[in-house]
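Since the structure comes first, as structure tokens, the remarks are kept for the end.
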Amino acid sequence: MSSAVSLNGFLMLTKPKALFVYYVLALLLLVLDLWTKALATEHLNYAEPVVLTSFFNLTLLHNTGAAFSFLSSAGGWQHWLFGGIASIISVVLVVWIYRAPASAVLLKFSLALILAGALGNLWDRVTLGYVVDFIQWHYKDYYWPAFNIADAAISVGAVAMVIDSFRASRRD
């Protein structure tokens, strides 16, 4: 029996136990995100890259906009807009995980990742007024916008959701 089948069987436990797994996953990722942001804030100087490899830096930045600093210079109203959107999305995701069938393992996994990311960035927006970013990839002089664990969780969750949608369309 493959590990994917056994994991699938594990995550298809009774509804309360299965929900617990997804909500705990979201909580653990949220804690990891907040912890790494706190470490970055404590140990990195703002906008001063710490070179780790030829393609990877740690660079503390504050993002007042959306993904990849979109609307970061909009004057402050975006703080409330993005906070409100993240709050609504978080509630929708909690309910969606609860209502999804036990067999929708990849979907619930992806929703848990997106939930963790939304809550991590929401926490920053509410408590700090900006999102702490510190992970920076680059190739030569091309730099990808800095991001954090929450952003990575949202991105991986979105990709997993797309994969699940293709898998679900094949099952239909």
Find the relative contact order for the range 14-171 and round it to a whole percent, using C-alpha pairs within less than 8 Å whose residues are 6+ positions apart.
-> 30
For the range 106-172 the trypsin sites (Lys or Arg not before Pro) that pass both the DSSP coil test and the at-most-10 other-Cβ-within-10 Å test are 140
Compare the Cα positions of 122, 62, 168 along the charge dipole of the range 14-171 (+1 at Cβ of Lys, Arg; -1 at Cβ of Asp, Glu; about the Cα centre) and return the one farthest towards the positive end.
-> 168
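Throughout, read-outs are computed from the coordinates displayed, never taken from laboratory work. Nothing here was measured: the structure is a model prediction, and the numbers come from that model. When we count neighbours, we look across all protein chains shown, and the Cβ atoms used for this are built from the backbone with ideal geometry, even at glycine.
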